[in-house]
Amino acid sequence: MTQTVFRSFGGLLLMVLCGLLNPVSAQQLSAAIRLNQIGFYPNAPKTAVILAEKSMSFEIKDAGTGKVVFKGKPAGPRTNQHSGKMSFIADFTGFKKSGKYVIEVPGLGRSAEFEIGEKIHREVAQAALKGFYYQRASIDLPEKFAGKWARPAGHPDDKILIHASAVSESRPENSVISSPRGWYDAGDYNKYVVNSGITMGTLLSLYEDFPSYFENFNTNIPESNNGVPDLLDEAIWNLRWMLTMQDPADGGVYHKLTNPRFDGMVMPDAAKNPRYVVQKNTIATLDFVAVTAQSGRILKAFENKFPGLSDSCITAAVKGWEWAKKNPSVTYNQEEMNKKFDPDVVTGAYGDRSSSDEWIWAAAEMYALTSKTDYLKDVSFETEKPLPLPTWSQVKTLGYYTIARFSEDLKIEKQFSQPIRQNIVKFSDDLLTDLEKQPYHTVMGKTAKDYSWGSSSVAANQGIALIYAFKLTNDRKYLLAALGNLDYLLGRNATGYCFLTGFGSKRVMHPHHRPSIADGIADPVPGLLSGGPNPAQQDKCTTYTSKIADESFTDDDCSYASNEIAINWNAPMVYLSAAIEALMEKK
Ligand SMILES: [Ca+2]
Ligand SMILES: [Ca+2]
């Protein structure tokens, strides 16, 4: 919208007057200049992409005085493999002075203001974690913590019905259990164990990979200043819900806690339809095992803050593992379930046919927790296969990350851990191939496959893999490529959007997110990562302006295919931004 501000004659006059006062604002904002809209570290690469047919020189100007502080000639052209558009790479890495600037291309216009400074992404990381607070079920969000997005509690979830698909001897149909807390999954208000699994695994791994960074990382939540890192406090809000999803009688875990149908576009406290837990199954149970094993491991160190919680997690993990061993192939098939049982459930299915990856993840976490090699028996670790990026249905890499993290402590035999470490580095090397040819100079987007549903999480998860490669090799090229994907998410991309709500000069304003739609506040709930370009356009929204893979995005709340938010997308955003902050700080 900002580009159109000065279109009217009055605006033109204003522009001329402003121009006399401040030479910087005399230039039109140009949508053809794409960069991380938050900014850059003084001692790291600084890249802007200029969409143009021919090379033009560029200048960095002090945003306050308009003084030129750096001049350069962009490199290129590079041709976009998806759209055929040409771009040039403006590199101003050599300019290192902290401050506020714009980049200007004479004849084209200027960028919005950006900053060079230390800790440049700290607020992004804090907001992305705070995004989970705004997703909390069963608790008031008072103004003190939620600002203008304060709202009453939604979904107490203290009277949840046992669905016909989930009955057991001790829990007949329509009997009632209490299953409060947890995070709303996405733009809807349901709570899904499978998607909570990858989300928790990502956040808990972030803590285990960078524990000291989170000693001083306050997100202004009710648990801030309680002597526990806020990252863990936030995860525990969901952990306590997950623990209620296990049937205490046998250790099996319900697939999800859900309305039969999606709620309307209303605030959480106005959504009062009955909610159910549905069918126990192997995959949900194994995800639960992995999360509770990892939580049990981490929370041992916080026994004085949460007496008994670590033990409860470990007991739950063991019971879940035993249930899965006895029930190794119970899958959740929503269509089949609806044929057999009422009421029909049509919310997110999270149906996953293959459990081989969940076995790997759960076994790795149980092994890392107990050092008992029994857990590795009967599980094929498939280390010869290429590394798949984590998604809700493919989680084995989360297990590999844990093996890599603990390979020395665990004294795991080299022939077991070595191929895993090599696989992580090989995956990252493949990402880096041809980086120098990419139109936005990012590893994200080399192939159209990257622009799947929730492509922003693909970019973030690639970044995480690169960070593991950096930790395994100490080769900075991996860290800088990870930073490049953060640049992508914050604006250096083919849409020109900064995909984290509340941030950037070209902002996502209309995510598919019920509270943001229903609260009557213009600004969306902040700190939520928009799904990002997805050329499949399953939502059939009419406001897309392009079908090209890297451009297929619409900032419209109808667009659940390109502009929804989800906890499993926010978690890797928290990981990527916080890990980069932690690593840049150390340097
Ligand atoms: Ca805290
Ligand atoms: Ca799977």
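Observations on the structure shown:
- Packing-based order for 153-159, 511-517, using average beta carbon neighbours within 10 Å, highest first: 511-517, 153-159
- Along the axis of the charge dipole computed for the chain (Cβ charges of +1 for Lys and Arg, -1 for Asp and Glu, origin at the Cα centre), the listed residues F302, S457, A316 are led at the positive end by S457.
- Within the shell defined by Cβ-Cβ distances under 12 Å, the residues around D539 carry a net charge of -2, with Lys and Arg each +1 and Asp and Glu each -1.
- Sorting the segments 319-329, 235-245 by their residues' average number of neighbouring beta-carbon atoms within 10 angstrom, most packed first, yields 235-245, 319-329.
- Helix runs (DSSP H) in the chain reaching 15 Å along axis by Cα, Kyte-Doolittle at least -0.5: 9-21, 122-134, 193-209, 230-244, 282-299, 309-326, 356-370, 396-406, 455-473, 476-489, 567-586
- Unsatisfied cross-links (Cα-Cα over 28 Å) in the set K377/K477; K340/K396; K159/K340; K130/K300; K85/K540: K377/K477; K340/K396
- Pairs exceeding a 19 Å alpha-carbon distance, out of K71/K506; K61/K97; K191/K272: K71/K506.
- Each Cα pair under 8 Å and six or more residues apart adds its separation to the average, and for the chain the resulting relative contact order is 15 percent.
- Part-to-part distance (alpha-carbon centres) for the stretch 27-58 and the stretch 179-231, which is given in Å: 34 Å
- Look at the dipole of the chain built from charges on Cβ: of A270, Y207, I548, the Cα furthest out on the positive end belongs to I548.
- Net dipole in debye of the stretch 73-201 [+1 Lys, Arg Cβ; -1 Asp, Glu Cβ; about Cα centre; nearest 20]: 600 debye
- Once the Cβ-Cβ distance of D430 and E335 is raised to the sixth power relative to R0 = 35 Å, the FRET efficiency obtained is 0.45.
- Euclidean distance between Cα centres, the stretch 530-587 to the stretch 97-119, Å: 24 Å
- Average accessible area per residue (Å²) across the stretch 296-360 - probe 1.4 Å, nucleic acids and ligands excluded: 51 Å²
- Potential extension, E408-K372 segment - 0.36 nm per residue separation minus Cα distance: 11.4 nm
- Ranked packing of 436-443, 498-505, most packed first, by mean Cβ within 10 Å: 498-505, 436-443
- Solvent-accessible area, 1.4 Å probe, carbon plus sulfur percent, for the chain: 53 percent
- Rounded to the nearest 20, the size of the Cβ-charge dipole of the stretch 428-587 about its Cα centre is 280 debye, with Lys and Arg at +1 and Asp and Glu at -1.
- With each label modelled as a point 7 angstrom along the Cα→C-beta vector, the V167-R353 pair spans 3.0 nm.
- For the stretch 339-485, the residue among L387, Y468, I360 whose Cα projects farthest onto the positive side of the dipole built from Cβ charges is Y468.
- Derived scalar couplings between HN and Hα for the stretch 550-560 equal 7, 10, 6, 9, 9, 7, 9, 6, 6, 8, 5 Hz in order, rounded to whole Hz, by the Karplus curve 6.51 cos²θ - 1.76 cosθ + 1.60 (θ = phi - 60°), x for Gly and Pro.
- Rounded to the nearest 20, the size of the Cβ-charge dipole of the chain about its Cα centre is 1340 debye, with Lys and Arg at +1 and Asp and Glu at -1.
- Calculated [222 nm] ellipticity per residue, helices only, for the chain: -11500 deg cm²/dmol; basis is -39500 (n - 2.57) per DSSP H run with n ≥ 4, divided by all residues, nearest 500.
The values are calculated or read from the model by the stated rules, or taken from the named source; none is laboratory data. Note that the coordinates shown come from a computational prediction; the quantities given were computed from them, not determined experimentally. Cβ atoms come from the backbone with ideal geometry, glycine included; neighbour counts cover every protein chain shown. Remember, those area values only see protein heavy atoms, side chains included, never the ligands or the DNA or RNA. Shrake-Rupley method; radii C 1.70, N 1.55, O 1.52, S 1.80 Å.
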